[in-house]
Amino acid sequence: MSDVVAAADSVEIGRRAAARAEKRMLIDGELVAAAVDFENISPATGSVLGTTSAASAGDMDAAMGAARRAFDETDWSTDRVRRQKVLLQLHDALEAEKEDLREELIAEVGCPAMTTQNAQLDWPLAEALRYPARLIDEFEWERELDGGGLFGERNARTVVKEPVGVVAAITPSNFPIEVILNKLGPALAAGNTVVLKPDPNTPWNATRLGRLIVERTDMPPGVVNVVPTPSNGVAALLGTDPRVDMVSFTGSTAVGKHLMRVGADTMKRTFLELGGKSAMIVLDDAKPAHIIPGAIGACVHAGQACAANTRMLVHRSLFDEAVANVAMAFAGIPVGDPALPTTLVGPVISAAAKQRVLDACERARRDGAETVVGGGEAEGLPEHLAGGHYVAPTVIVGADPRSAIAQEEVFGPVLVMVPFDDDDEAVRLANDTAFGLAGAVLSASPERAMGIARRIRTGAIGVNGGMYYGADAPFGGYKNSGVGRQCGIEGFAQYTETKTIGWRRPRT
């Protein structure tokens, strides 16, 4: 991370980000301004950073039309060499503006500077475009089947992989550039065109990408269109318009279900990476020193991570000690300015998001749970952060495992700790939720931990601190946590259609 970022506070970072921000949309290869703008608010200070073009229904219509034409009328879908070249050009362009992008993320996302060194920026920037660019050469685009069929050995069959068509990529505010790149990379590498609708709370990283596409790549007009908008009505057009073949959405389960319903009339393919209520299981032989780092993971980026382990299931023999140690650790977690290199917990994205977290904690208390530490607004913040959206790291115990706080995604720095008596109960509690996105297991026995991990109905799980993240590692959920996978071969293949061609071999 640059010394420049480390030396500034969020006020200064915000000024610099605003001075460099791209306000315009990208439609059909042109950077264009909308008729009206909307405000981009700093989560850290509550002040206005600047403005961004607000796409109208007409702008969205133009973007979808451009994407449709680029798919139907150009060679983008068939020219793999060109696609690979453009993806690598875009990667290089982002790398060249990496430090400006880092400050932009800190300013508009409110993510702690330390998180930009991993999943917020450095990790996806390293491989999210380069990995699918490599897959263009390695992917099995065609395969031949053995003879057989109606005409015996004279029949031949070829299975062909083709792009889906126009993809609507709808992205969230919590890890915006990470999600954007991990959608764009495989979608474009597979030959699709894209309409990107970023979260209105964090538009500038997407509009920057649009500018770089125009200035630094040979991407044909219309292949990628970037249309920020605060209007749900305008965004909803992506879910119903027949020109869009697929919706790739990361966000809440409620919105994901809505997109599935409204997309049914036009039979849209959907990739949905949705919410989670992931459990970390601490077995009776786990080392106590490993519990604290696992618990603190629930607070990274103020708990705004769908895969965060926000439930900690602890064997009863370790429970009281674990609660005391975790509560002490949470009380000492630095909450404050995300621009500072020592900050672990910055703000949540908005005032409304902050209120939802506080309401969830209050409901837990009404339901009979005990707040051991936290449960309210963060205190002792400096004056320049007075308008920001900060929640104190919170530990809750005594919650009924079926209560809202133990079942519903809070999306804040809130950890619910629940005791269990044996391995079977731990598995039952972990699986007893509508979600199935991620999880973790801690045990001195790798074999025992792996056995537990295989029983958890979840799309990703870490054993003793193992990391499942990577451009080559498929990520997504079971149950209400989604449909499909991001990254890996599976994430690439979901942006393709399958065609089987049967043909007669000539007589010899």
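For residue 41, the requirement of being touching a helix residue (DSSP H, G or I) at 6+ places or on another chain (Cβ under 8 Å) and β-branched (Val, Ile, Thr) is not met. Quick check: is even one residue across the stretch 419-431 touching a Pro at 6+ places or on another chain (Cβ under 9 Å) and either in contact (Cβ under 8 Å) with a residue 24 or more places away in the chain or assigned by the TED database to the domain that holds residue 250 (or both)? Looking for residues that are touching a Pro at 6+ places or on another chain (Cβ under 9 Å) and either in contact (Cβ under 8 Å) with a residue 24 or more places away in the chain or assigned by the TED database to the domain that holds residue 250 (or both), one finds at least one in the stretch 419-431, hence yes.
Restricted to the stretch 208-243, and to residues that are surrounded by fewer than 23 Cβ atoms within 10 Å (Cβ to Cβ) and among the β-branched types (Val, Ile, Thr), which residue is nearest to residue 139 (Cα to Cα)? This residue is 217. Looking at the stretch 11-23, can you tell me whether even one residue there is under 25 Å from residue 223 (Cα atoms) and either open to solvent by 30 Å² or more (accessible area, probe 1.4 Å) or outside any loop (DSSP other than H, G, I, E, B) (or both)? Among the residues of the stretch 11-23, at least one is under 25 Å from residue 223 (Cα atoms) and either open to solvent by 30 Å² or more (accessible area, probe 1.4 Å) or outside any loop (DSSP other than H, G, I, E, B) (or both), which makes the answer yes. Screening residue 430 against (1) buried (at least 23 other Cβ atoms within 10 Å of the Cβ); (2) in contact with a strand residue (DSSP E or B) (Cβ under 9 Å, 6 or more places away or on another chain); (3) in a loop (DSSP other than H, G, I, E, B) leaves a single unmet condition, (3). Restricting the search to strands (runs of 3 or more DSSP E) fully inside the stretch 238-295 and requiring at least 1 residues that are closer than 21 Å to residue 181 by Cβ gives 246-250, 269-273. Scanning the stretch 391-409 for residues that are free of Cβ contacts under 8 Å to residues at least 60 places away in the same chain and either touching a Phe, Trp or Tyr at 6+ places or on another chain (Cβ under 7 Å) or open to solvent by 40 Å² or more (accessible area, probe 1.4 Å) (or both) returns 398, 400, 401, 402.
Any residue that is within 14 Å of residue 360 (Cβ to Cβ) and either small (Gly, Ala, Ser) or within 29 Å of the chain's Cα centre (by Cα) (or both) - is there at least one of those in the stretch 427-442?
Narrowing the stretch 427-442 to residues within 14 Å of residue 360 (Cβ to Cβ): none.
Checked against the condition, which is being within 14 Å of residue 360 (Cβ to Cβ) and either small (Gly, Ala, Ser) or within 29 Å of the chain's Cα centre (by Cα) (or both), the stretch 427-442 yields no hits at all.
Residue check: residue 8 meets all listed conditions (1) open to solvent by less than 30 Å² (accessible area, probe 1.4 Å); (2) modelled with pLDDT of 95 or more but one, namely (2).
Just to be sure, is residue 199 assigned to a loop (DSSP other than H, G, I, E, B), closer than 27 Å to residue 484 by Cα, of a type in the set (D, E, K, R) and modelled with pLDDT of 95 or more?
Working: assigned to a loop (DSSP other than H, G, I, E, B): yes; closer than 27 Å to residue 484 by Cα: yes; of a type in the set (D, E, K, R): yes; modelled with pLDDT of 95 or more: yes.
The answer is yes for residue 199.
Which of the residues that make up the stretch 440-469 are assigned to a loop (DSSP other than H, G, I, E, B), open to solvent by less than 50 Å² (accessible area, probe 1.4 Å) and touching a helix residue (DSSP H, G or I) at 6+ places or on another chain (Cβ under 7 Å)? Show your work before the answer.
Of the residues in the stretch 440-469, the ones assigned to a loop (DSSP other than H, G, I, E, B) are 443-445, 454-461, 464-469.
Applying the additional criterion that residues be open to solvent by less than 50 Å² (accessible area, probe 1.4 Å) yields 443, 445, 456, 458-461, 466.
If the condition is that a residue be assigned to a loop (DSSP other than H, G, I, E, B), open to solvent by less than 50 Å² (accessible area, probe 1.4 Å) and touching a helix residue (DSSP H, G or I) at 6+ places or on another chain (Cβ under 7 Å), then 443, 456, 459, 461 are the ones that fit.
Residue-level check: of (1) open to solvent by 60 Å² or more (accessible area, probe 1.4 Å); (2) of a type in the set (D, E, K, R); (3) not assigned by the TED database to the domain that holds residue 436, residue 284 misses just (3).
Of all the numbered requirements in (1) touching a Leu at 6+ places or on another chain (Cβ under 8 Å); (2) closer than 27 Å to residue 104 by Cα; (3) of a type in the set (A, V, I, L, M, F, W, C), residue 64 misses one, and that requirement is (2).
Looking across 375, 388, 368, 412, one residue alone is touching a residue at least 12 places away in the same chain (Cβ under 8 Å), closer than 20 Å to residue 291 by Cα, assigned to a loop (DSSP other than H, G, I, E, B) and of a type outside the set (Asp, Glu). It is 412.
The values are calculated or read from the model by the stated rules, or taken from the named source; none is laboratory data. Quick caveat, the model's predicted, so the values are computed rather than measured. With ideal geometry, Cβ positions are generated from the backbone for all residues, glycine too; neighbour counts draw on all protein chains shown. Protein only, heavy atoms only, side chains kept; ligands, DNA and RNA dropped before computing areas. Shrake-Rupley method; radii C 1.70, N 1.55, O 1.52, S 1.80 Å.
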